[in-house]
Amino acid sequence: MAIRIYRSLDEATGFGPCALTIGNFDGVHTGHRELFLRVCDAARRLRVRPSALTFDPHPARVVAPDRAPKLLTTLDERCRLMAAEGIEQVLILPFTGEVAALPPEAFIERILVEHLGTRAVVVGANFRFGRGQAGGTATLEAAGRVLGFEVDIAPPVWRKGRIVSSSAVRRAVEAGRMAEARHLLARPFTLSGEIVRGHGVGSKQTVPTLNLAWTTGVLPPSGVYVTCSEDPHTGRRWPSVTNVGMRPTFNGKALTVETFLLRPLDGTSPSNLRLAFLRRLRDERKFPSPEALKAQILADVRRAERYFRRLPRLWHTEE
């Protein structure tokens, strides 16, 4: 069943009754997946729809724009990943100054109960909401006793001695620690976007590449990576090598994400691509000539091929 997406309270007629989890869910990491597991369990028991409430833009962009984080995933990607965890419907609530000003009790009564018909709420232990983030789990539990909905507080999820969070994933990705990011996410970090026309230098002087116009804020640092490239429309996949950087050998002026496929396309070129980052190979650097760069790219390809031979299932595994 395809996930149903509502983009306003007015659209969300027939949303309830539901079991609901609430959050930004950026990255859809292992901590978020625990929330989805619990909300699906509650939905089965109560015979209601497993659902999620998220926000656009990120609330920090409204209440504290100078502290708003760069995002790991687009809304569409978040919804796709939530659907894979069993969530059947999502309300993407426009986060406005009016929503930010709602007292916690009004948020619960007007949105959770009246509009969404919530029978159970599942949130993390650090969940805060309402004007000035005045509401927390104790507020939800007190309201649930009065208004007749269950509240399930999920404990933090730990990995290797640290709590899993979107911030921890961002730090790992921005440092190029792709194995750590994969551990926190329980899947590789991905970038998605449209394939756009490049400068044509690669096809003439080095190797032909696909150029990605990525749509999220978080990027791995400049360098060369082993990646898996997927056409999100057809599911076709290719092992690949990706360069994130400024193309210094050609005096590039803008940051680019360029991918070289290690297998033939065997069909039309994809219009969009989803890149899964598996391993960092090396820093980006300037070479004395295009020929020297091409020789290095071919060496990178050989290293990537050895990687895929050692871990053949990794890039074939579904997210």
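The values are calculated or read from the model by the stated rules, or taken from the named source; none is laboratory data. The model shown is predicted, which means the values in this text are computed figures rather than measured ones. All Cβ positions, glycine included, derive from the backbone under ideal geometry; neighbour counts span all protein chains shown.
Table for the structure above
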| quantity | calculated |
| --- | --- |
| Leading residue by the ranking (modelled with the highest pLDDT) among those in region 308-318 that are part of a loop (DSSP other than H, G, I, E, B) and closer than 20 Å to GLY176 by Cα | LEU311 |
| Qualifying residue in region 199-212 (condition: in contact with an Asp or Glu (Cβ under 8 Å, 6 or more places away or on another chain), assigned to a helix (DSSP H, G or I) and either free of Cβ contacts under 8 Å to residues at least 24 places away in the same chain or not assigned by TED's automatic domain parsing to the domain that holds ALA299 (or both)) | no |
| Region 4-58 - residue that is more than 20 Å from GLU150 (Cβ to Cβ) and aliphatic (A, V, I, L, M) and, of those, surrounded by the fewest Cβ atoms within 10 Å (Cβ to Cβ) | ILE5 |
| Matching option when the condition is buried (at least 20 other Cβ atoms within 10 Å of the Cβ), of a type in the set (A, V, I, L, M) and touching a residue at least 12 places away in the same chain (Cβ under 8 Å), among LEU102, LEU75, LEU140 | LEU140 |
| Residue match in region 117-128 (condition: among the hydroxyl-bearing types (Ser, Thr, Tyr), outside the structural domain of MET246 (by TED's automatic domain parsing), under 27 Å from ARG7 (Cβ atoms) and in contact (Cβ under 8 Å) with a residue 60 or more places away in the chain) | yes |
| Spans of strands (runs of 3 or more DSSP E) in region 1-82 with at least 1 residues among the charged types (D, E, K, R) and on the phi < 0 side of the Ramachandran plot | 4-6, 49-56 |
| Number of positions in region 12-53 that are over 21 Å from the mean Cα position of the chain (by Cα) and touching a residue at least 24 places away in the same chain (Cβ under 8 Å) | 11 |
| Scope region 151-180; condition surrounded by fewer than 13 Cβ atoms within 10 Å (Cβ to Cβ) and part of a loop (DSSP other than H, G, I, E, B); matching residues | PRO155, LYS160, GLY161 |
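Condition check ((1) within 18 Å of the chain's Cα centre (by Cα); (2) among the small types (Gly, Ala, Ser); (3) farther than 25 Å from HIS29 by Cα; (4) modelled with pLDDT of 95 or more) across all residues:
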| site | (1), (2), (3), (4) |
| --- | --- |
| PHE55 | yes, no, no, yes |
| ALA64 | no, yes, no, no |
| LEU72 | yes, no, no, yes |
| ALA84 | yes, yes, no, yes |
| LEU91 | yes, no, no, yes |
| ALA101 | no, yes, yes, yes |
| ILE108 | no, no, yes, yes |
| VAL121 | no, no, no, yes |
| PHE149 | no, no, yes, yes |
